[in-house]
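Scroll down for the structure; my scribbles are underneath it.
Taken together, the values in this text are just the output of simple stated rules run on the coordinates, not laboratory data. Predicted model, so just to flag it, every value in this text is computed and none were measured. Backbone-built Cβ (ideal geometry, glycine too); neighbour counts: all protein chains shown.
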Amino acid sequence: MNSKTSKHDHNDCIDSAMEMAESLCEKKGLRFTKIRRRVLELVWNNHQAIKAYDILEMLQKEHVSAKPPTAYRALDFLLEHGFIHRIESLNAYIGCPHPQHLHSFQLLICNQCGLVKEMDKPDLSTKLDNYAKEYEFSLVSQVVELHGLCKKCA
Ligand SMILES: [Zn+2]
Ligand SMILES: [Zn+2]
Ligand SMILES: [Zn+2]
């Protein structure tokens, strides 16, 4: 597992994501099945956005019988419990580094290599909430996806 995104030991990222997911599932009484675990590992393969189709393809290489619903159900589970985020503009997924608390987030997406960084700027979320209120609108969700180039690609 080699991360092309930056100089860090990506195994550490994977390890901590898996450990966190495991302990959170235990705490919440959720079943962290083999397939859910494997799908999370695949999402964490690197820091690039990954599509459901690619996950399915990798699964099928491992378990010949993996059918689309298997992958989608596992992704739904991981999404629902905050272990991964969905990138609407790419119809893809990224692992969340801090699933232990509910949070709003903004995504920085590299158009060249697909690197995705999660920005956690609560003041920005609050601002958007307040701005929306000026328009007599109460937000239930925020999707902030910012496209550009990462340091490597710029
Ligand atoms: Zn990493
Ligand atoms: Zn997150
Ligand atoms: Zn890039």
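Determine the distance separating the Cα centre of the range 105-140 from the Cα centre of the range 54-89; give it in Å without decimals.
So the separation of the two Cα centres works out to 25 Å.
Any idea what angle helix 52-62 forms with the longest principal axis of the chain, computed on alpha-carbon atoms, 0 to 90 degrees, nearest 10?
Tilt of helix 52-62: around 20 degrees.
For the chain, what does -39500 (n - 2.57) per DSSP helix run (n ≥ 4), summed and divided by total residues, give at 222 nm, in deg cm²/dmol to the nearest 500?
Counting only the DSSP helices, I get -13500 deg cm²/dmol.
What is the range 28-105's relative contact order, in percent, from Cα pairs under 8 angstrom and six or more apart in sequence?
After rounding, I find 33 percent.
Among the listed pairs 7/28; 121/151; 27/133; 51/151, which have their C-alpha atoms separated by more than 27 angstrom in this model?
7/28; 27/133
Considering only the other residues whose Cβ falls under 15 Å of the Cβ of residue 62, what net charge follows from Lys and Arg at +1 and Asp and Glu at -1?
+3
Pairing rule first: another cysteine's C-beta must sit under 4.7 Å. Under that rule, which cysteines of the chain stay single?
If one checks each Cβ against the other cysteines of the chain, 13, 25, 96, 113, 153 turn up with nothing under 4.7 Å.
Using the 10 angstrom Cβ neighbour count as an exposure proxy, how do 70, 126 rank, fewest first?
126, 70
Shape call for the range 16-113 from the C-alpha gyration tensor, a ≥ b ≥ c root eigenvalues: rounded (a/c under 1.5), prolate (a/b greater than b/c) or oblate?
Oblate is the answer for the range 16-113, as a/c is 1.5 or above yet b/c matches or exceeds a/b.
Go through the range 127-143 residue by residue and turn each phi into a ³J(HN,Hα) via Karplus (6.51, -1.76, 1.60, θ = phi - 60°); whole Hz please, and just put x for glycine and proline.
Karplus values, whole Hz, x for Gly and Pro: 4, 4, 4, 5, 4, 4, 4, 4, 9, 6, 9, 10, 7, 10, 8, 10, 10.
Mind checking the angle between helix 10-28 and the chain's longest principal axis? C-alpha axes, 0 to 90 degrees, to the nearest 10.
80
Once the convex hull of the C-alpha atoms of the range 88-154 is built, how many Å³ does it hold per residue, rounded to a whole number?
About 110 Å³ per residue, rounded to a whole number.
Please compute the net charge surrounding residue 32, taking Lys and Arg as +1 and Asp and Glu as -1 over other residues with Cβ under 9 Å from its Cβ.
Neighbourhood net charge equals +2.
For residue 145, list long-range residues whose amide hydrogen, built 1.01 Å from N in the peptide plane, is under 5 Å from its own amide hydrogen.
Residues meeting the amide H criterion: 107.
Taking the Cβ of residue 144 as the centre, find all other residues whose Cβ is under 14 Å away and add up their charges (Lys, Arg: +1; Asp, Glu: -1).
Result for the local shell: -2.
Work out from phi, with θ = phi - 60° and the Karplus expression 6.51 cos²θ - 1.76 cosθ + 1.60, the ³J(HN,Hα) of each residue of the range 29-39, listed in order in whole Hz, and give x for Gly and Pro.
x, 9, 8, 9, 6, 3, 5, 4, 4, 5, 5
What residues qualify as long-range amide H neighbours of residue 51, i.e. H under 5 Å apart, gap of 5 or more or another chain, H built at 1.01 Å from N?
Amide H to amide H, under 5 Å and 5 or more residues apart or across chains, residue 51 pairs with 93.
Quick one: compute the contact order of the range 10-148, relative version, from alpha carbon pairs under 8 angstrom and 6+ residues apart, as a percent.
Reported relative contact order: 21 percent.
If you plug each phi of the range 85-95 into the Karplus form 6.51 cos²θ - 1.76 cosθ + 1.60 with θ = phi - 60°, what whole-Hz ³J(HN,Hα) values come out, in order, with x for Gly and Pro?
Once θ is set to phi - 60°, the couplings for the range 85-95 become 10, 9, 9, 4, 5, 10, 6, 9, 10, 8, x Hz.
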